[in-house]
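Below is one structure, written out as structure tokens; the observations come after it.
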Amino acid sequence: MSENRRILRLSDRQEVHASLTRVSQKNVDDFETFWKPRILSKNQGDEYWDWQYKSRTYLSRGNYEAYAIEYEKITQGMMLIETKNHRSWFNPEVSLVYVATLETAPWNRFSIQSDPMFQWIGSNLLRFAKFRSQQLGYRGSVGLHSLPRAESFYEKLNMNNCGKDPDKDNLTYFEWYKSGERQ
Amino acid sequence: MTLDIFDIDDEELLRMNQIEEECGCDVIAGVDHGVNLGNYLFEKINTISYDELKEILIDSKVGNILSSEEIDEVTAKIQEKILAPRLELKTYPIPELA
């Protein structure tokens, strides 16, 4: 699977074409080689996220999927989703796609550099999670736990703020929920 | 949008751009006990079950360096060293018969 995605190159504000793919060993290697040293040098809250471990542990299970966005053969963002076992905060009978991890490359983060290289990476990945939810018959319902510095983003996307979750490091849980008939 | 093709039209892209510009923040989500593992374990320790404890260890950095058997061993040792004394403290003395 590889799909063309439009992302914004901020240096000249031009749209460029990136590709959305399933996470491969190449993406994991990019994380180890290019991302990790930069993330570790900052207090980012995701210092311990480890894609080597995630891909080994989760992707062997049938209920997890991982996707990456690449531009010029470098991984710009990655997302791990769970597709079978999570239920809506609003209605336990409604299944949803749970975004277990969503992150962009350190050079695309405002918190690391004032002039990030690309935008629309995280938006594209999150929008794809919604698309997968629709494909799976979950009506676009998506849930995630936001790191504090990203909460305003999910609020502006009209995700429902369900409050802090004591079981998940007190991170705020957000959900796109589509009410309707039982699944 | 069909369910076969993932497409974001221009209008939606503009909206996405506007939101990212307004927020000026990273797009990031997910839970990782990582650096908070110690505090997390401390909070959970009184009520945690063997399976929960094992799951936390597997999901943490520890799960990356230990084998499944070693995780089992560590889980059992944590229970033995930390939980058992606490459980003993919580037992109530048998009242003496009058």
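The values are calculated or read from the model by the stated rules, or taken from the named source; none is laboratory data. Everything numeric in this text was worked out from a predicted model, so none of it was measured. When we count neighbours, we look across all protein chains shown, and the Cβ atoms used for this are built from the backbone with ideal geometry, even at glycine.
So the values come out like this:
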{"item": "Residue in the range A:106-129 that is more than 10 Å from every other protein chain (Cβ to nearest Cβ), surrounded by fewer than 22 Cβ atoms within 10 Å (Cβ to Cβ), of a type in the set (Phe, Trp, Tyr) and in contact with a Cys (Cβ under 9 Å, 6 or more places away or on another chain) present", "result": "no"}
{"item": "Among the candidates A:Asp29, A:Asp50, residue that is of a type in the set (Asp, Glu) and surrounded by fewer than 15 Cβ atoms within 10 Å (Cβ to Cβ)", "result": "A:Asp29"}
{"item": "Hits in the range B:19-68 - residues which are under 30 Å from A:Leu125 (Cα atoms), assigned to a loop (DSSP other than H, G, I, E, B), at pLDDT 70 or above and not acidic (Asp, Glu)", "result": "B:Gly24, B:Cys25, B:Val27, B:Ile28, B:Val31, B:Ser60"}
{"item": "Within the range A:130-154, tally of residues that are among the charged types (D, E, K, R) and in contact with a Cys (Cβ under 9 Å, 6 or more places away or on another chain)", "result": "2"}
{"item": "Among the candidates A:Ile69, A:Ile39, residue that is in contact with a helix residue (DSSP H, G or I) (Cβ under 6 Å, 6 or more places away or on another chain), assigned to a helix (DSSP H, G or I) and not charged (D, E, K, R)", "result": "A:Ile39"}
{"item": "Residue among A:Ile81, A:Ile74 that is in contact (Cβ under 8 Å) with a residue 40 or more places away in the chain, touching a strand residue (DSSP E or B) at 6+ places or on another chain (Cβ under 8 Å) and farther than 20 Å from B:Glu21 by Cβ", "result": "A:Ile81"}
{"item": "Number of the condition not met by A:Phe131 [criteria: (1) part of a strand (DSSP E or B); (2) over 19 Å from A:Phe31 (Cα atoms); (3) touching a Phe, Trp or Tyr at 6+ places or on another chain (Cβ under 6 Å)]", "result": "(1)"}
{"item": "Subset tally (residues that are surrounded by fewer than 18 Cβ atoms within 10 Å (Cβ to Cβ), of a type in the set (Lys, Arg) and either at the interface with another protein chain (Cβ under 10 Å from one of its Cβ atoms) or in contact with a Gly (Cβ under 6 Å, 6 or more places away or on another chain) (or both)) for the range A:53-96", "result": "1"}
{"item": "Residue within the range A:156-168 that is touching a Pro at 6+ places or on another chain (Cβ under 8 Å), more than 8 Å from every other protein chain (Cβ to nearest Cβ) and crowded, with 16+ Cβ neighbours inside 10 Å present", "result": "no"}
{"item": "Residue match in the range A:10-33 (condition: charged (D, E, K, R) and in a strand (DSSP E or B))", "result": "yes"}
